[in-house]
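Report on one structure; see the data block that follows.
The values are calculated or read from the model by the stated rules, or taken from the named source; none is laboratory data. Since we're looking at a predicted model, the values are computed, not measured. Neighbour counts run over all protein chains shown; Cβ positions are idealised from the backbone, glycine included. Note: accessible area is taken over every heavy atom of the protein model, side chains too, but ligands, DNA and RNA are not part of it. Shrake-Rupley method; radii C 1.70, N 1.55, O 1.52, S 1.80 Å.
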Amino acid sequence: MLLLNPGPVSLTERVRRSMLQPDLCHRESEFYDLQDEARTRLLATHELDPKEWAAVLMTASGTAAVESMVASLVPEAGRLLVVENGVYGERIAQICARYGLRHDRIVGSWMKAPDFGAIAARLDAGTGDARFTHLAVVHHETTTGRLNDLKSLASLCRKRGVSLLLDGVSSFGAEAIDFEDGTLAAVAATANKCLHGVPGVSFVIVRRDALAQAFSRTYYLDLGRLARLQDERNTPFTPAVHAYYALVEALREYAELGGRPARHGHYAALAEQVLMGLAALGIEAVVPPDESSVVLRAYRLPDGLSYRTLHDLLKAEGFVIYAGQGDLSKTLFRISTMGDLTAVDIDRLLKCFSRLHR
């Protein structure tokens, strides 16, 4: 079965076999060697200086990494502006509300890019005690496959001294992220998407100066404590050891295959193959290619064909696709090109679609 959903992904045999390595106690040096390699290789994906940045691991989903980032890095007197144009932006706002974190929301259409004018106006309206210290946004909003414009958002933040917190769960490892931009304070991501690891390990790539100001609102997801103990070759809790094995092997494979540029290029070629093949059948993409991620794209359901019917027919052929979210479940479906996929696999997928149209 080939997974075309936005994570978990179809694994390479190499990564799958890595989980058959010896059992490790998480209090032994062998595990700390594994943890150190994972952290080092995560920073190496973007050639980051470990004196300036830390990769902080946690046994949890990507959402937990986002929660850890937001709950830990916005200070007690801070205020966060959340940019929402999909389910995952909404989720960040829900996290803020659960913690009682001071925040406001810019809520836009799920089908459109963020309104930068409105964002600028909202940032400017916050003065005195109501000043915004941070802005949070989802880089790749998989609700529709839209890739939000980080350069424009970073510019807005830079002019106002606002720090940027990035949900990179569905973009890290494939889409470009400018870590040299001083506004970027942290990126939350996960092993089981563009890095091709398995579910169970997520992480935050965070500036050490931002980490030094971390505020503890949470116990398990306390980013400051996790970072401090990992720097000391320690861990506060029992981690998912075999998921760590898989992450390290996936990162080794990632580097050997050419790193982020190669991963992006591979995804882009497959995404274009899907786009062109479905267009030839009259199936339209929801977001224009120049505004979408290469990781996942959303397409309109053909007239007279429900998602459930399409899903079940394709699953019978060995492919798992993904539904739209919320009200979009009735009008679109999504296809991701992450994981161990080839052009041959996509060609077979398109032949399945072609048979559906006969």
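Summary value for the range 12-144: 23 percent relative contact order, contacts being C-alpha pairs under 8 angstrom separated by 6+ residues.
The relative contact order of the chain, computed from alpha carbon pairs under 8 Å that lie at least 6 residues apart in sequence, is 25 percent. Sequentially through the range 12-17, phi angles give Karplus couplings (6.51, -1.76, 1.60; θ = phi - 60°) of 6, 4, 4, 5, 4, 5 Hz, Gly and Pro residues having no value and appearing as x.
Quick one: net charge around Leu43, please, counting Lys, Arg +1 and Asp, Glu -1 for every other residue with C-beta under 10 Å from its C-beta. Don't skip to the answer; put the middle values down first.
Values: positive: Arg39, Arg41; negative: Glu47, Asp49, Glu52.
Residues near Leu43 contribute -1 overall.
For the range 98-173, which trypsin sites (Lys or Arg not before Pro) are in a loop by DSSP, counting at most 13 other Cβ atoms within 10 Å? In loop regions of the range 98-173 (DSSP not H, G, I, E or B), the sparsely surrounded trypsin sites (Lys or Arg not before Pro) are Lys112. The portion of the accessible surface of the chain made up by carbon and sulfur, rounded to a whole percent, is 51 (1.4 Å probe; DNA, RNA and ligands excluded). Assuming a ≥ b ≥ c are the square roots of the Cα gyration tensor eigenvalues, decide whether the range 61-134 counts as rounded (a/c under 1.5), prolate (otherwise, with a/b larger than b/c) or oblate. Oblate, since a/c reaches 1.5 and b/c is not below a/b. Of the GluC sites (Glu not before Pro) found in the range 205-272, those that fall in a DSSP loop while having at most 15 other beta-carbon atoms within 10 Å are Glu232. Note on the range 237-288: the C-alpha convex hull projects to 6.0 nm² when averaged across all orientations. Over the range 146-217, the fraction of Cα-Cα pairs per 5 Å bin, rounded to whole percents and listed from the shortest bin up, is 3, 15, 24, 23, 18, 12, 4, 1.
What percent do you get for the relative contact order of the range 229-358 when only Cα pairs under 8 Å and 6+ apart count?
22
Between Gly259, Gly173, Gly161, the GNM of the chain built on Cα springs shorter than 10 angstrom shows Gly161 fluctuating the most. Taking the three principal axes of the alpha carbon atoms in the range 96-240, the coordinate ranges are 45, 36, 31 Å, sorted in descending order.
Scanning residues 5 or more positions from Ala60 or on other chains, those with amide H under 5 Å from its amide H are Gly200, Val201, Ser202, with H placed 1.01 Å from N in the peptide plane.
Heavy-atom accessible surface of the range 16-89, averaged per residue, reaches 42 Å², computed with a 1.4 Å probe. On a per residue basis, the range 262-358 carries 46 Å² of accessible surface, using protein heavy atoms and a 1.4 Å probe. Fraction of C-alpha pairs exceeding 39 angstrom in the chain: 15 percent, rounded to a whole number. Rg of the Cα atoms in the range 1-75, relative to 2.2 N^0.38 Å, amounts to 1.36. For the options Asp49, Asp327, Asp104, a Gaussian network treatment of the chain with springs between C-alpha atoms closer than 10 Å singles out Asp327 as fluctuating the most.
Residues whose amide H falls under 5 Å from that of Trp53, counting only those 5 or more places apart or on a different chain, are Arg208, with hydrogens built in the peptide plane.
Here the 3J(HN,Hα) profile of the range 163-171, calculated from phi with Karplus coefficients 6.51, -1.76 and 1.60 at θ = phi - 60°, is 8, 9, 10, 10, 7, x, 4, 10, 10 Hz, Gly and Pro shown as x.
Is it possible to state the helix-based mean residue ellipticity at 222 nm for the chain, with each DSSP H run of 4+ residues giving -39500 (n - 2.57), the sum divided by total residues, to the nearest 500 deg cm²/dmol? What is it?
Counting only the DSSP helices, I get -12500 deg cm²/dmol.
Size descriptors for the range 190-294, from the alpha-carbon set: Rg then Dmax equal 18.9, 57 Å. Helices meeting the span-like rule in the chain (full DSSP H runs, Cα extent of at least 27 Å along the helix axis, mean Kyte-Doolittle score of -0.5 or higher): 259-279. For the range 238-358, the fraction of C-alpha pairs farther apart than 27 angstrom is 26 percent.
Using DSSP to define loop residues, name the GluC sites (Glu not before Pro) in the range 81-155 whose beta-carbon has at most 12 other beta-carbon atoms within 10 Å. Loop-located and lightly packed - none at all. Rounded to the nearest whole Hz, the Karplus-based 3J(HN,Hα) values (6.51 cos²θ - 1.76 cosθ + 1.60, θ = phi - 60°) of the range 134-146 follow the sequence 9, 10, 10, 8, 8, 5, 10, 7, 6, 3, 10, x, 6, with x at glycine and proline.
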